[in-house]
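Here, each number is a calculation from the coordinates, and none is a lab measurement. Not measured: the values here are computed from a predicted model. So basically every Cβ, Gly included, is an ideal-geometry build from the backbone, and we count neighbours across all protein chains shown.
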Amino acid sequence: MTPSIVVNQVSKSFGKKEVLQNVDLTVVPGQIYGLIGPSGSGKTTLVKLIVGMDRPTKGDIQVLDTAVPNLKLLQKIGYMAQSDALYNDLTARENLAFFASLFKLKKQEQTKRIEYAADLVNLTSELSKKVQAFSGGMKRRLSLAIALIQNPQVLILDEPTVGIDPELRLSIWKELYRLKDEGKTILVTTHVMDEAEKCDQLAMIRDGRLITSGSPSQLKEQYGIQSLEEVFLKAGGSGQ
Ligand code: ADP
Ligand code: MG
């Protein structure tokens, strides 16, 4: 199968500090790929490079057979940043409509997508509220809805369920499974091991290096242990 994300020998430095070192990563469609690693290991830096918000110091990245960065790719990538980028003075509906219009969705399609995305994150009854009145969890949910608004082929979600209660978390994962069954490509970062278990493939990152990758069961087998938490500790991570 043609991969939809290819990261090839990517390094990234900020000044003298090398934050990513020779990272290789391949993600195929119809897969939930989890990038796991402790805080500060380089997950956000890597996803920003994949989305095209920043450029690697070395190496190259292709998404859907197109070299990143590329303006046309933006339409095809739904990105949920780790810190919410929302308009506080606007209502949730206005935020969604703003992004929907950026992606040039037709009016009718906009209405449908806003309805779908709001329902998915359980915000339908809050759509008329200004974002400044939202809790942290509600903002996360709205950011996720925005990432889905244009029905993108590739979803890149940076710690999507932080601050979201367990019940909603479960329904979001259910929807991610449905989207992957539709053939979409989903890359999520997490430092929560129970979420890592839900991914089809995992890559563990530590100090900017990809230390191991495989399915959750392959990783457990490789290290001869029962839980991913232990794999992570054995592979040199802190699990947090
Ligand atoms: P994670 O998402 O895994 O927590 P990050 O990618 O956010 O990790 O950060 C990895 C490292 O890169 C950290 O040490 C962080 O301080 C550093 N870093 C990230 N962005 C910048 C930047 N713009 N300038 C300098 N250092 C940065
Ligand atoms: Mg991060």
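Would you calculate a helix-derived [θ] at 222 nm for the chain, using -39,500 (n - 2.57) for each DSSP H run of n ≥ 4 and dividing by the full residue count, to the nearest 500?
About -10000 deg cm²/dmol.
On C-alpha positions alone, give me the angle between the axis of helix 107-120 and the longest principal axis of the chain, in degrees, nearest 10.
Helix 107-120 sits roughly 60 degrees off the main axis of the chain.
So how long is each side of segment 118-240 along the principal axes, counting just the alpha-carbon atoms, biggest first, in Å?
Result for segment 118-240: principal-axis Cα extents of 51, 30, 26 Å.
For segment 5-235, what is the relative contact order in percent, using Cα pairs closer than 8 Å and at least 6 residues apart in sequence?
Normalised by residue count, the contact order of segment 5-235 is 28 percent.
What does the extension gain come out to for residue 83 and residue 70, with contour length at 0.36 nm per residue minus their alpha carbon separation?
Taking 0.36 nm per residue and subtracting the Cα distance, the gain is 2.4 nm.
Could you list log10 I(q)/I(0) for the chain at q = 0.12, 0.14 Å⁻¹, which the Debye formula gives when each Cα is one point scatterer?
Result of the Debye calculation: -0.67, -0.91.
Determine the alpha carbon to alpha carbon distance for each of 76/106; 16/220; 72/112 and list only those over 26 Å.
Violating the 26 Å limit, Cα to Cα: 16/220.
For the chain, set up a GNM with springs between Cα atoms under 10 Å and report which of 155, 102, 123 has the largest fluctuation.
102
Whose amide H sits under 5 Å from the amide H of residue 184, counting only residues 5 or more places off or on another chain, with H placed in the peptide plane?
For residue 184, the qualifying residues are 30.
What is the helix-to-structure angle for 136-148, meaning the angle in degrees between its Cα long axis and the longest Cα principal axis of the chain, kept from 0 to 90 and rounded to the nearest 10?
90 degrees
Short version: ³J(HN,Hα) in whole Hz for each residue of segment 210-216, in order, from phi by Karplus 6.51 cos²θ - 1.76 cosθ + 1.60 (θ = phi - 60°), x for Gly and Pro, what are they?
7, 8, 6, 8, x, 6, x
I'd like the orientation of helix 166-181 relative to the chain: the angle between its Cα long axis and the longest Cα principal axis, in ° from 0 to 90, rounded to 10.
80 degrees
Hey, can you rank 31-39, 88-96, 162-170, 203-211 by average C-beta count inside 10 Å, highest first?
31-39, 203-211, 88-96, 162-170
Please list, in order along segment 29-42, the HN-Hα scalar couplings obtained from phi with the Karplus expression 6.51 cos²θ - 1.76 cosθ + 1.60 (θ = phi - 60°), rounded to whole Hz, x for Gly and Pro.
With the stated coefficients, segment 29-42 comes to x, x, 9, 9, 9, x, 9, 10, x, x, 4, x, 7, x Hz.
For a quick check: with amide H placed at 1.01 Å from N, whose amide H comes under 5 Å from residue 5's, ignoring anything fewer than 5 positions away on the same chain?
27, 64
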